[in-house]
Amino acid sequence: MSASDGPPVDLGHLHPAPGAKRAPKRVGRGPGSGQGKTAGRGHKGRRSRSGGNSPPGYEGGQMPLQRRLPKRFPAGSTVGPEELRARGLVRGRHPVKCLADGTLPHALTVRLQAFSKRARELIAAAGGSAEVLDVDA
């Protein structure tokens with residue numbers, strides 16, 4: 001078989017496969033269309049309304065993955081208000097107090113505005129240090 005046996009092969013003769021191209025769905029054009037009235041959006045609810053979309057990471061009220069995952073700091077790192085804000089653990093410019101809840105697996109330098117007595121003990125037991133900042137910091 002030679003190149004002259006079939007139709008010319010160039011970009012001008014290419015066509016999509018049969019059935020590959022479909023007309024766009026025309027919604028909200030009357031009851032006879034099958035997509036009239038609510039236009040395929042159902043009744044009520046956020047997704048039925050114009051502009052009713054979700055922010056990125058929204059999981060329908062379930063605790064988002066970003067908030068479910070632990071926010072760990074590597075050994076020897078310094079933890080302060082700015083690091084906590086960067087990881088989304090605290091918001092705003094309010095003073096931050098470290099409380100003893102759980103365990104500390106490795107040494108950290110924790111620099112915050114206040115510490116509970118037990119928190120200081122846990123940080124020291126892990127080999128870290130607790131430094132008190134001014135309330136303005």
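Points to keep in mind about this one:
- The convex hull defined by the C-alpha atoms of the chain has an orientation-averaged projected area of 20.1 nm².
- Using a probe radius of 1.4 angstrom, the carbon and sulfur fraction of the accessible surface of the chain is 53%.
- Dipole orientation for the chain: of the candidates Gly32, Thr78, Leu108, Gly32 has the Cα lying most toward the positive pole (charges on Cβ; Lys, Arg +1; Asp, Glu -1).
- Taking packing as the residue-averaged number of other Cβ atoms within 10 angstrom, the listed peptides 85-95, 11-21, 112-122 run from highest to lowest as 112-122, 85-95, 11-21.
- Between Ala39 and Gly28, the built amide H atoms are under 5 Å apart, and every one of these is 5 or more places off in sequence or on another chain.
- FRET efficiency for Ala124 and His94, using Cβ-Cβ distance with R0 set to 41 Å, rounded to 0.05: 0.95
- Convex hull volume of the stretch 1-80 per residue (C-alpha atoms, cubic angstrom): 350 Å³
- In the context of the full set of protein chains, the chain has a per residue accessible area of 82 Å² (1.4 Å probe).
- Considering only Cα atoms, the convex hull volume of the stretch 39-98 works out to 139 Å³ per residue.
- Under-27-angstrom lysine pairs by C-alpha in the chain, whenever the two are 8 or more apart or on separate chains: 6
- Stretch gain in nm, segment Ala114-Val27, where the contour uses 0.36 nm per residue and the Cα spacing is subtracted: 25.4 nm
- Normalised by residue number, the volume inside the convex hull of the Cα atoms of the stretch 92-137 is 72 Å³ per residue.
The values are calculated or read from the model by the stated rules, or taken from the named source; none is laboratory data. None of the values given here were measured: they were computed from a predicted structure. Every residue, glycine as well, gets a Cβ built from its backbone with ideal geometry; the counts of neighbours run over all protein chains shown. These area figures cover heavy atoms from the full protein model, side chains too; ligands, DNA and RNA do not enter into them. Shrake-Rupley method; radii C 1.70, N 1.55, O 1.52, S 1.80 Å.
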